[in-house]
Amino acid sequence: MKKSSLYVLIAVVVLAVVSSIVVVRAKGPLNSPSQKSGKVTTLTFGSHQSGLPTSGIVQELAKEYESETGIKIDFQITPDAQWRDLIKVKMDSGEAPDIICVDTPINLASSLKMAKYCVPLTGEEWVSRMYPTSVKAVSDGGNVYGITFPGPKMYFYIYNKTIFEKYNLTPPKSYAEFKQVCSTLLKNGVTPVFEATTNGWHQVLPLFETGGLYLSKDPELYDKLNKNEINLDRIPDLLKILKELDESARLGYFGKDYLSNAWENAKEAMGTGKCAMTIAEIGFKNEIQADYPDAKAEDFGQFVMPWGDNQIIGVNSASNGYFINKDSRHIEEAKGFFRFLARNENLIKRLEGQPGINEVCWTGIKTKYSEQENAYINSLQRANVVQTSVNYIDSQWMDVGKDLESMYMGAKTPEDVLKTIITRRNEQAVLLRDPGWN
C-alpha cells in the first residue's frame, strides 16, 4: 500500500510539472520550433547604428521575446559608414546574420538585392496591417521581404521658439529669409544651426530631401534620371543648394566646430540653447525633452528646409527594414520574432519607447503628433525624396557626405561635388549593367 501511494504521488507531481511547462510555453508566438524542442536558440541581428533606435527599445522587446520563448537575440551593430559594404560581403559569402537591417526601398536597381538573399514574407498576417507605402518599400517583384516600423520619415528644421521670439524672428520660407535669421542669431552670439558633419549622413539631407522642389520644375524628373535620359547636372536647383550650403558654412551659420560635430551631441546643443536650429524629424523634440526636461517639446517648432527656396516636404515611406537571411538555420524562429514585434501591444511599446518618432507605419496605432503638428503637416505639399525614387543616390549617400566635407574644407567646389556625384552614379550604373547606360 505504501509503494502504491508513493507511485501515485510521483505520478501526480510529474503530471503537475508537465502541465506547468505546457502552460508556460503556450504563451509564446505560434510556430516557434524552439518551443517544441526545448532547445535554446540564438538569433543574430545585424544592423548599422542608425538602423536601431538609440533608446534601446528594440533590445528591450528582444529581452521580452527571450523571456517568453527562450530565444535569444544577439545584436551586432556596425558604424553607418561601413555597414553597406560589410553586409554585402557577408551576404555574398553566406555569412550574414539571421536578421538583417538595411535601408529601403529594396526595389531600386541600386539596392542591396534583398530579394536575392532573403526569405519572402508575403503570407504573414501582419503584412495587411502595415501602411501600403511601407509595404512597397520592403517589397520586390511582387513579394514582401521585410518588416518596418517607423512612420513616414520627414525632415524639418527644428527650431527653438524662445530664441526666435527673443530676437523677433519668424520661420523662414526662402533661402534669403534663412540667411537673415542666421545673421541675426550670429550677431547675438547664438550658433544658428547645429550640423553633424562627422556622421557623414546628416549634411546630405538638404540635397535629396528637397525632391519636391526638383519635381515642381519637371514632374517626370525621377523617371528621366532612372532611364538615363538626363543627369543630375540638368537640375539647376541641386547646384544652387550646394552653393547655398557652401556659403552658409563660410558665413559661420553652422558654428566654429561643425566639422567635428557628432549627431549624438545634437540634443545637448538644442536642449541647452547653444544652437537655435537643426535638421531632424518632428519627434526629435521629444528626444530633447527626454534628456533635458527643462527644454519642453512644445518649446520647439518646425519648418520646411528652405534650401533653394523649397517649401515642399520630402517624404520617405520607410527608411529601413528588417529581413530574414534565406541561409539562416533559424528561419521559423526569426519569423516568430517578427510576429512578436508586430503585435499591437508591442507596436505601442515601440512607439512609446522611441522618442524620436511620432508614428509607426501600422494601422490602428494612434500617433504622438500634437493637434498643431498634425495641422501643420497636413497643410504642406508632399513629394517622395530623391533617394527612394532615383537609382544610385542612396547607395552613395555616405560618399556624398565626404564630398560635402571636402567642400566645406575648401578642397572641392560645389561644381566639383556635383561632378563627383554624377561620375559615381554613372560608374555604379555601368557596373550593374543598367540598361539605361548601355
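Structure notes:
- Boolean, E332 is surrounded by fewer than 20 Cβ atoms within 10 Å (Cβ to Cβ), out of contact with any Pro (no Cβ under 7 Å at 6 or more places or on another chain) and either among the hydroxyl-bearing types (S, T, Y) or in a helix (DSSP H, G or I) (or both): no
- Among the residues of the stretch 312-324, those that are open to solvent by less than 10 Å² (accessible area, probe 1.4 Å) and of a type outside the set (G, A, S) comprise I313, Y322, F323, I324.
- Within the stretch 418-438, considering residues that are in contact (Cβ under 8 Å) with a residue 40 or more places away in the chain and among the hydrophobic types (A, V, I, L, M, F, W, C), the one nearest to M398 (Cα to Cα): I421
- Of the residues in the stretch 274-281, not one is among the charged types (D, E, K, R), touching a residue at least 24 places away in the same chain (Cβ under 8 Å) and in contact with a helix residue (DSSP H, G or I) (Cβ under 7 Å, 6 or more places away or on another chain).
- Unmet requirement for A109, which otherwise passes all of (1) at pLDDT below 95; (2) at negative phi; (3) open to solvent by 50 Å² or more (accessible area, probe 1.4 Å); (4) not polar (S, T, N, Q): (3)
- Hey, P206 open to solvent by 10 Å² or more (accessible area, probe 1.4 Å) and either outside any loop (DSSP other than H, G, I, E, B) or out of contact with any strand residue (DSSP E or B) (no Cβ under 6 Å at 6 or more places or on another chain) (or both) or not: no
- Answer residue from the stretch 112-130, given it is touching a Gly at 6+ places or on another chain (Cβ under 9 Å) and among the aliphatic types (A, V, I, L, M) and is surrounded by the fewest Cβ atoms within 10 Å (Cβ to Cβ) among those: A115
- Checking each residue in the stretch 256-267 for being more than 24 Å from G283 (Cβ to Cβ) and in contact with an Asp or Glu (Cβ under 9 Å, 6 or more places away or on another chain) picks out only L259.
- Filtered by the rule that a residue be of a type outside the set (S, T, N, Q), in a loop (DSSP other than H, G, I, E, B) and surrounded by 21 or more Cβ atoms within 10 Å (Cβ to Cβ), the stretch 378-391 gives V385, V390.
- In the stretch 38-47, the residues that are in contact with a Pro (Cβ under 9 Å, 6 or more places away or on another chain), open to solvent by 10 Å² or more (accessible area, probe 1.4 Å) and part of a strand (DSSP E or B): T44
- One residue stands out in the stretch 167-187 among those that are assigned to a loop (DSSP other than H, G, I, E, B) and of a type outside the set (A, V, I, L, M, F, W, C): the one that is nearest to K243 (Cα to Cα), namely S174.
- A375 among the aliphatic types (A, V, I, L, M), crowded, with 17+ Cβ neighbours inside 10 Å and not in a loop (DSSP other than H, G, I, E, B): no
- Residues located in the stretch 272-291, provided they are among the small types (G, A, S) and assigned to a strand (DSSP E or B): A276, A280
- Of the residues T162, T170, T210, T197, the single one that is free of Cβ contacts under 8 Å to residues at least 12 places away in the same chain and not small (G, A, S) is T170.
- Residue pairs meeting the criteria (Cβ under 6 Å; at least 6 apart or on separate chains; first within 30 Å of L238 (Cα to Cα), in the stretch 288-312; second among the small types (G, A, S) and part of a helix (DSSP H, G or I)): I312/G212
- Residue within the stretch 131-150 that is touching a Leu at 6+ places or on another chain (Cβ under 9 Å), closer than 23 Å to M277 by Cα and surrounded by 20 or more Cβ atoms within 10 Å (Cβ to Cβ) present: no
- Qualifying residue in the stretch 407-427 (condition: in contact with a Phe, Trp or Tyr (Cβ under 8 Å, 6 or more places away or on another chain), of a type in the set (D, E, K, R) and open to solvent by 30 Å² or more (accessible area, probe 1.4 Å)): yes
- All positions within the stretch 49-100 that are in contact (Cβ under 8 Å) with a residue 40 or more places away in the chain, hydroxyl-bearing (S, T, Y) and open to solvent by 60 Å² or more (accessible area, probe 1.4 Å): S50, T54
- Taking the criterion of being surrounded by fewer than 18 Cβ atoms within 10 Å (Cβ to Cβ) and part of a loop (DSSP other than H, G, I, E, B), the residues of the stretch 236-261 that qualify are L251, G252, K256, D257.
- Residues that are more than 29 Å from L108 (Cβ to Cβ) and part of a helix (DSSP H, G or I) were ranked within the stretch 335-348; the one that is most open to solvent (accessible area, probe 1.4 Å) is E345.
The values are calculated or read from the model by the stated rules, or taken from the named source; none is laboratory data. What you see is a predicted model, and the numbers here were worked out from it, not measured in a lab. Glycine also receives a Cβ, built like all others from the backbone with ideal geometry; neighbour counts cover every protein chain displayed. Accessible surface areas use protein heavy atoms only, side chains included; no ligands, DNA or RNA. Shrake-Rupley method; radii C 1.70, N 1.55, O 1.52, S 1.80 Å.
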